[in-house]
Amino acid sequence: MRKLWRVFLYTLILINIIVPSVQAEPGDLVYVVPISGTIDPGLASFVERAYDEAENSKADYVLLEVDTYGGRIDAAIHIKDRILASPVPSACFVKHKAISAGALITLAGEQIFMASGTTIGAAEPRVGNEKADEKVVSMWTKELVSTAEAHDRDGQVAAAMADSDIEISGLIEKGKLLTLSQKQALEWGMADDVAANREDVLTKLGLGGARIITADPTAAESVSRWVTNPYVAPSLLAIGIAGTVLEIFTVGWGVAGTVGLLSFALYFGGHMIAGFTGWEAVLIFIIGVILFLVEAFLIPGFGFAGIGGIIAVAASIILASPSIEQAAISLIVAIIGSAILLAVSFKFVKTRKVWSRLVLGVKQGKGLGYVAPERKLEVLFGKQGVTVTPLRPAGTAEIEGDRIDVVTEGGFIPREAQVKVVKVEGTR
């Protein structure tokens, strides 16, 4: 009996020596980074900071938990590049969906785990509701291919997620975009394993007992993500422009000016936190506003100061934006939106006198004695008459019994001279 016990004990010792432990070594550290919501420049800035902290803390692994429908491709490429460049290995866990730009980020992980019922793919680049041009599709497809191949995954399968012209026998026919279920992703080598939750992923990575640090965005980063959203940024600009202009032309300081300045502060502050710009954009914007004020209050008409203000404000927005395309979209939407807001607002607010420099507000109504002539003077063409007053060159002539204001071709004509109508122009 004692011999059997010794054999059993020795067997356990051998198993512990031969079979590697699936538990983390003492001191193992894992950074968990959530990739959720819209993929935007603010998220890219947050991921950049999380990786910096993970590297400085000498983390053993970074686990990206993915749940997104996608977003901006430039932000996704930035995140992908940061993942691949990091010396800390990364794993991606698809909790619900890794669609569009989320697919590229997921493919950048050295290992991919997917929960049951999750999907990855449908990464066609789009502009609004339309498919992007061929140049963008080609560039984005190659990004997916190269990222997949960086970890020995099938680049052709990755390409089919973005390009509907690609056909793969037994998987996807031509004319359709590829979206893989969790089971298909495992079958085609685009995912490494299935996992129920974070703990399951860590156990399969051999980090079951590791110390976990969850990277959460700061309050400033959360505001930055919201501000840099491609839908929110143009709206803030529209509100800022409308509020500022409304404050200039209306009596007193009120809600419009406060809301306008707050909108501009959010726009530039959010883009500064995201790392897209510095104080130079704010300085140029302030110069533009000063030029507008000079044009409105000190210089009649619209000239150098007004044009300079437009150029300065546009330049500041371009400097603050992540790309020229985004700046152009933001400016166009902001101009249209602010024009609508101003048109509605000016009907309900009392404006300053400075508004009359730009818009003629005088009405010549009948009650004030302004009555336009109703007679059709064309019927007098070719008729003859007699001058009632000297024409110097304007004066009065009697034509067919009516006194008519007339003008000569430039010469002087005395009183009671015979005249003939040689031209009629409107009421002249």
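Here Ile15 clears all of (1) out of contact with any Gly (no Cβ under 8 Å at 6 or more places or on another chain); (2) modelled with pLDDT of 50 or more; (3) hydrophobic (A, V, I, L, M, F, W, C) except the condition numbered (2).
Looking only at segment 65-90, residues that are surrounded by fewer than 24 Cβ atoms within 10 Å (Cβ to Cβ) and in a strand (DSSP E or B) come to 6 in all.
Mind listing just one residue for me: the one in segment 252-298 that is of a type in the set (Ser, Thr, Tyr) and either within 15 Å of Ile318 (Cα to Cα) or touching a Phe, Trp or Tyr at 6+ places or on another chain (Cβ under 8 Å) (or both) and, of those, modelled with the lowest pLDDT? Step by step, filter segment 252-298, then rank; the result is Thr277.
Considering only segment 82-90, I want to know if a residue exists there that is within 20 Å of Thr228 (Cα to Cα) and out of contact with any strand residue (DSSP E or B) (no Cβ under 6 Å at 6 or more places or on another chain).
Yes, that holds for at least one residue.
If the condition is being under 17 Å from Ala108 (Cα atoms) and either open to solvent by 50 Å² or more (accessible area, probe 1.4 Å) or of a type in the set (A, V, I, L, M, F, W, C) (or both), then segment 182-192 contributes Ala185, Leu186, Trp188, Met190, Ala191, Asp192.
When you check Thr389 against the structure, is it of a type in the set (Val, Ile, Thr), in a loop (DSSP other than H, G, I, E, B) and touching a Gly at 6+ places or on another chain (Cβ under 7 Å), yes or no? Let's see the steps before the verdict.
On the way: of a type in the set (Val, Ile, Thr): yes; in a loop (DSSP other than H, G, I, E, B): yes; touching a Gly at 6+ places or on another chain (Cβ under 7 Å): yes.
It is true that Thr389 is of a type in the set (Val, Ile, Thr), in a loop (DSSP other than H, G, I, E, B) and touching a Gly at 6+ places or on another chain (Cβ under 7 Å).
Here is the figure for segment 138-180: residues that are of a type in the set (S, T, N, Q) and within 25 Å of Gln111 (Cβ to Cβ) total 5. Restricting attention to segment 22-57 and to residues that are modelled with pLDDT under 90, within 22 Å of Phe93 (Cβ to Cβ) and over 22 Å from the mean Cα position of the chain (by Cα), the residue that is most open to solvent (accessible area, probe 1.4 Å) turns out to be Glu25.
In segment 141-155, the condition of being part of a loop (DSSP other than H, G, I, E, B), basic (Lys, Arg) and open to solvent by 60 Å² or more (accessible area, probe 1.4 Å) is met by no residue. Against the list (1) in contact with a Phe, Trp or Tyr (Cβ under 8 Å, 6 or more places away or on another chain); (2) open to solvent by 60 Å² or more (accessible area, probe 1.4 Å); (3) hydrophobic (A, V, I, L, M, F, W, C), the condition Leu391 fails is (2). Kindly indicate whether Val349 is in a helix (DSSP H, G or I), surrounded by 10 or more Cβ atoms within 10 Å (Cβ to Cβ) and modelled with pLDDT under 90. No; evaluated as a whole, the condition is false for this residue.
Look at segment 37-59: where a residue is under 14 Å from Ser222 (Cα atoms) and a partner is in a helix (DSSP H, G or I) and of a type in the set (Asp, Glu), sitting 6+ places away or on another chain with Cβ atoms under 9 Å, you get Pro41/Asp74; Gly42/Glu221; Leu43/Glu221; Ala44/Asp74; Ser45/Glu221; Phe46/Glu221; Arg49/Glu221.
The values are calculated or read from the model by the stated rules, or taken from the named source; none is laboratory data. These numbers come from a predicted model, not from an experiment. All Cβ positions, even for glycine, are placed from backbone atoms using ideal geometry, and neighbour counts span all protein chains on display. Areas reflect the complete protein model, heavy atoms only, side chains present, ligands, DNA and RNA absent. Shrake-Rupley method; radii C 1.70, N 1.55, O 1.52, S 1.80 Å.
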